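These notes concern the structure reproduced below.
Please treat every number below as a calculation from the coordinates, not as lab data. This one's a predicted model, so the numbers in the text were calculated from it and none came from an experiment. Cβ: placed from backbone, ideal geometry, glycine included. Neighbour counts: every protein chain shown.
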Amino acid sequence: MENARPVWTEVDLSALKRNYERIKTYTKSEIMPIVKADAYGHGAIPVVKVLFEAGARRFGVALLEEALEIKRSFPSAKVMTIGYMSTDFARTIVEEDIISGVYQYAQAESLSRAATDLGKNATIHFKIDTGMGRIGFRKETYEEILQIAKLPNLYIEGIYTHFANSDQLDLSFAREQLKTFLNVCERLQAQGIDIPIRHAANSAAILQFPEAHLDLVRPGIILYGLPPSSQVGGNEGFEPVMTWKAKIAHIKEIQAGETVSYGRTFRAAYPTRVATLPVGYADGLNRALSNRGEMLVKGRRAAIIGRICMDQTMLDITRIHGVDVGTPVTLLGSDGYERIDATEMAKWLETINYEVLCDISKRVPRVYIEK
Ligand SMILES: *Cc1c(COP(=O)(O)O)cnc(C)c1O
């Protein structure tokens, strides 16, 4: 049974396409859309389909599983894993022509061996740590890069780094990172290692750090229409792609003094009209929004009252008229003049909009629309 419960997200594929086209007004570099984590919760396959039709030919993911899923539907797309790589799956990676971000000698060696076995080349990009402190070769491991360059059946197509705080107005550290990165590229070039594709820019750097665009850019969050931080990209004309909705399951009146939900954390101060929604923390509606978040009902804000349950959440709709069982409620999106986006929800949760999007669980159907 599909969508028997009235809780769903709408993913506006035309907004996605407009965001992609908008990125082109910032850069002439190749665009590699980042579609990890199921395209930030939007659904990797439909997202890749639209972007492929719009001209994108290369996609970035975190996991091998994500890469394989995309390759299965789009065999001619280039797919690159930008994060973790396991040497155990080198053969699959080469067989399926997945491009690997490489940050350890052993990874390159395993790919080289598998490629030699299969009579193919494995395509790799070197990941350089210039200050993120995560994965990547550093000064101390620079020699490994030179060793890798000598291995057979490897095509060293790219080299990349990642910024730690390109979403701040103060770009001084990002500038240092870029300088370190370009130094590494130059040193390799001086050793006769010519790498055609250098890349560094995430969404924030695309918006405010053009020197970092280099040969290719890696947009994630702006593709989905949200700003990378409060300091950057607040009003750049990108449109949120996903909205989240549910319909009211039940309405009741409670008296002053009565309580709502587990732990009795909400006590009515006045006779209160309570709407129950069939959505809860199992859907990715964070329980920390209990007695804290809001939703839109008939174009007005309604407070979440009491604790959010696994599958149900209550709203105070006392002051909102014309609400019935079945009235649609907006968890994320606009209704009339009001809007709640993932950035606002993230603020209530003291987290970032990225996490809000990724948290919307697989249990919530994605409905694809084109406006
Ligand atoms: C996730 C990720 C990106 C995209 O970041 P946004 O801030 O969403 O644009 C780019 N590069 C790497 C290496 C990433 O892990």
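Against the chain, whose longest principal axis comes from its Cα atoms, helix 105-118 is set at around 70 degrees.
Of the residues D129, D167, D117, which exhibits the maximal mean-square fluctuation in a Gaussian network model of the chain defined by a 10 Å Cα contact cut-off? Largest GNM mean-square fluctuation: D117. Estimated purely from DSSP H runs of n ≥ 4, each contributing -39500 (n - 2.57), the mean residue ellipticity at 222 nm for the chain is -8000 deg cm²/dmol once divided by its residues. Specify the angular offset, from 0 to 90 degrees and rounded to the nearest 10, of the alpha carbon long axis of helix 64-73 from the longest principal axis of the alpha carbons in the chain. So the helix axis and the longest Cα principal axis differ by about 90 degrees. Excluding A56 itself, what net charge comes from residues whose Cβ is under 12 Å from its Cβ, given Lys and Arg +1 and Asp and Glu -1? Residues close to A56 contribute a combined charge of +4. In order along the range 335-350, phi translates into HN-Hα couplings of 8, x, 8, 9, 8, 10, 10, 4, 5, 5, 4, 4, 4, 4, 8, 6 Hz, rounded to whole numbers, per the Karplus curve 6.51 cos²θ - 1.76 cosθ + 1.60 with θ = phi - 60° and x for Gly and Pro.
Only counting other Cβ atoms within 10 Å, I'd like K179, K127, K17 sorted with the fewest neighbours first.
On the way: K179 12, K127 24, K17 17.
Fewest-to-most ranking of K179, K127, K17: K179, K17, K127.
The share of C-alpha pairs in the range 25-86 whose separation exceeds 13 Å stands at 57 percent. The alpha-carbon of K362 sits under 17 angstrom from the alpha-carbons of these lysines, leaving out residues fewer than 8 places away in its chain: K36, K245.
Counting DSSP beta bridges with both partners in the chain, what percentage is antiparallel, nearest 5?
On the way: 32 of 60 bridges.
Roughly 55 percent of the beta bridges in the chain run antiparallel, per DSSP.
Which of rounded, prolate or oblate describes the range 139-276 when judged by the alpha-carbon gyration tensor and an a/c cut-off of 1.5? It comes out prolate by the Cα gyration axes.
Local charge sum around P271 (other residues, Cβ-Cβ under 15 Å, Lys/Arg +1, Asp/Glu -1)? It works out to a net charge of +1.
To the nearest µm²/s, what D does Stokes-Einstein give for the range 229-346 at 4 °C and 1.567 mPa s, using the Kirkwood radius over alpha carbon pairs as Rh? Approximately 88 µm²/s, per Stokes-Einstein. Convex hull volume of the Cα atoms of the chain, normalised per residue: 152 Å³.
Computed from the Kirkwood radius of its Cα pairs, the Stokes-Einstein diffusion coefficient for the range 70-170 at 20 °C and 1.002 mPa s stands at 151 µm²/s. Please give me the summed charge of the neighbours of I248: other residues whose Cβ is under 13 Å from its Cβ, Lys and Arg +1, Asp and Glu -1. So the surrounding residues net to +4.
Quick one: P(r) of the range 13-224 from all Cα-Cα pairs, 10 Å bins, percents rounded to integers, in order of increasing distance. In whole percents, the pair-distance histogram is 9, 35, 37, 18, 2.
Counting alpha carbon pairs within less than 8 Å and at least 6 residues apart, what relative contact order, in whole percent, applies to the range 13-224? Provide the component values of the computation, followed by the final result.
On the way: 383 pairs, mean separation 42.2, N = 212.
This gives 20 percent for the range 13-224.
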